[in-house]
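Right, one structure below, let's go through it.
The values are calculated or read from the model by the stated rules, or taken from the named source; none is laboratory data. Since the structure is predicted, the reported quantities are computational estimates derived from the model, not experimental observations. A quick note on method: Cβ atoms are made from the backbone with ideal geometry, for glycine too, and the neighbour counts reach across all protein chains shown. Accessible surface is based on the protein model in full, side chains and every heavy atom, while ligands, DNA and RNA are left aside. Shrake-Rupley method; radii C 1.70, N 1.55, O 1.52, S 1.80 Å.
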Amino acid sequence: DVKVTQSSRYLVKRTGEKVFLECVQDMDHENMFWYRQDPGLGLRLIYFSYDVKMKEKGDIPEGYSVSREKKERFSLILESASTNQTSMYLCASSLLVQGNGYTFGSGTRLTVV
Amino acid sequence: AQTVTQSQPEMSVQEAETVTLSCTYDTSENNYYLFWYKQPPSRQMILVIRQEAYKQQNATENRFSVNFQKAAKSFSLKISDSQLGDTAMYFCAFRPASGSGNTGKLIFGQGTTLQVKP
């Protein structure tokens with residue numbers, strides 16, 4: 001069964017900490033995405049990558065960075081965590097081919113205190 | 001800017017009945033794809049159904065079907081014979097066709113929480 005795996009289901013971090021959220025897919029997908037999900041706002045795109053070492057900003061990149069050193073792994077980095085980054089973070093991957101939807105990970109609920 | 005709007009934050013339906021979730025979108029593209037995703041309490045997002053804009057026939061997957069009105073930019077999801085396991089948040093999503101500079105990004109609506117009551 002194909003999978004997108006997020007390293008943590010729940011995470012609690014302190015304000016100012018550097019936080020790494022890891023995502024690994026085993027489907028050889030070109031595209032990988034990081035979204036945050038907040039009540040009433042749906043899913044908002046933070047960053048995405050369509051190839052190794054390639055990255056593009058999404059709609060809300062401020063306060064985040066990403067790394068994609070290998071095709072299967074896409075990391076989201078919170079350089080200095082703040083309380084307004086408390087959220088659900090969803091990783092997804094897809095083929096570059098037209099019309100494909102995403103395969104999602106099961107999400108990381110991050111709380112910054 | 002392309003946007004997706006789900007105007008019903010919450011809905012409920014009795015088990016075995018039919019419910020329709022609304023979705024509208026805004027785009028100047030002619031070719032695109034539309035999706036409905038389901039997110040149950042387990043949080044795992046699952047693809048429910050997919051529609052290609054150039055196909056006039058509405059997509060159907062078992063108890064799930066869509067009413068795609070391209071001119072009205074409307075893409076509603078109908079769930080027939082609702083089951084308790086359909087309780088979830090449902091997201092409508094839009095993806096422009098490749099070739100318009102898009103690399104596969106999906107644009108999501110705000111979500112509709114559906115409660116199926118016994």
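Here is a list: A:ARG36, A:ARG73, A:ARG9. Which entry is basic (Lys, Arg), touching an Asp or Glu at 6+ places or on another chain (Cβ under 9 Å) and under 16 Å from A:GLY107 (Cα atoms)?
Exactly one of A:ARG36, A:ARG73, A:ARG9 is basic (Lys, Arg), touching an Asp or Glu at 6+ places or on another chain (Cβ under 9 Å) and under 16 Å from A:GLY107 (Cα atoms), namely A:ARG73.
Just for strands (runs of 3 or more DSSP E) wholly inside the stretch B:35-118: which have at least 3 residues that are touching a residue at least 40 places away in the same chain (Cβ under 8 Å), more than 27 Å from A:GLU56 (Cβ to Cβ) and not hydroxyl-bearing (Ser, Thr, Tyr)?
B:74-79, B:112-117
Count, please, the residues in the stretch A:12-59 that happen to be under 18 Å from B:THR3 (Cα atoms), more than 10 Å from chain B (Cβ to nearest Cβ) and open to solvent by 50 Å² or more (accessible area, probe 1.4 Å).
Selection size over the stretch A:12-59: 1.
Could you pull out the residue among B:GLN6, B:GLN110 that is within 9 Å of chain A (Cβ to nearest Cβ) and at pLDDT 95 or above?
B:GLN6
Among (1) open to solvent by less than 10 Å² (accessible area, probe 1.4 Å); (2) within 25 Å of B:GLN6 (Cα to Cα), which single condition is A:LEU78 missing?
(2)
Check the stretch B:21-30 and report whether any residue there is open to solvent by 60 Å² or more (accessible area, probe 1.4 Å), more than 10 Å from chain A (Cβ to nearest Cβ), within 15 Å of the chain's Cα centre (by Cα) and free of Cβ contacts under 8 Å to residues at least 60 places away in the same chain.
Yes.
Can you tell me which residues in the stretch B:35-58 are facing chain A (nearest Cβ under 10 Å), charged (D, E, K, R) and more than 15 Å from B:GLN69 (Cβ to Cβ)?
Within the stretch B:35-58, B:ARG43, B:ARG50 qualify.
Of the numbered conditions (1) within 11 Å of A:LEU21 (Cβ to Cβ); (2) at the interface with chain B (Cβ under 10 Å from one of its Cβ atoms), A:TYR89 satisfies every one except a single condition; which is it?
All conditions pass for A:TYR89, except number (2).
For the stretch B:21-79, which positions are closer than 15 Å to B:PHE94 by Cα and hydroxyl-bearing (Ser, Thr, Tyr)?
B:SER22, B:THR24, B:TYR25, B:THR27, B:SER28, B:TYR32, B:TYR33, B:TYR37, B:TYR54, B:SER74, B:SER76
Is the stretch A:75-82 home to any residue that is under 30 Å from B:ARG50 (Cα atoms), in contact with a Leu (Cβ under 9 Å, 6 or more places away or on another chain) and modelled with pLDDT of 95 or more?
yes
Is there a residue being farther than 20 Å from A:THR103 by Cα, surrounded by 16 or more Cβ atoms within 10 Å (Cβ to Cβ) and within 12 Å of the chain's Cα centre (by Cα) anywhere in the stretch B:44-65?
The answer is yes, given that some residue of the stretch B:44-65 is farther than 20 Å from A:THR103 by Cα, surrounded by 16 or more Cβ atoms within 10 Å (Cβ to Cβ) and within 12 Å of the chain's Cα centre (by Cα).
Within 8 Å of chain B (Cβ to nearest Cβ), open to solvent by 20 Å² or more (accessible area, probe 1.4 Å) and hydroxyl-bearing (Ser, Thr, Tyr): is that true of A:SER106 in this structure?
Criteria met by A:SER106.
Tell me, please, whether a residue that is modelled with pLDDT of 95 or more, within 11 Å of another protein chain (Cβ to nearest Cβ) and not in a loop (DSSP other than H, G, I, E, B) can be found in the stretch B:11-18.
Looking for residues that are modelled with pLDDT of 95 or more, within 11 Å of another protein chain (Cβ to nearest Cβ) and not in a loop (DSSP other than H, G, I, E, B), one finds none in the stretch B:11-18, hence no.
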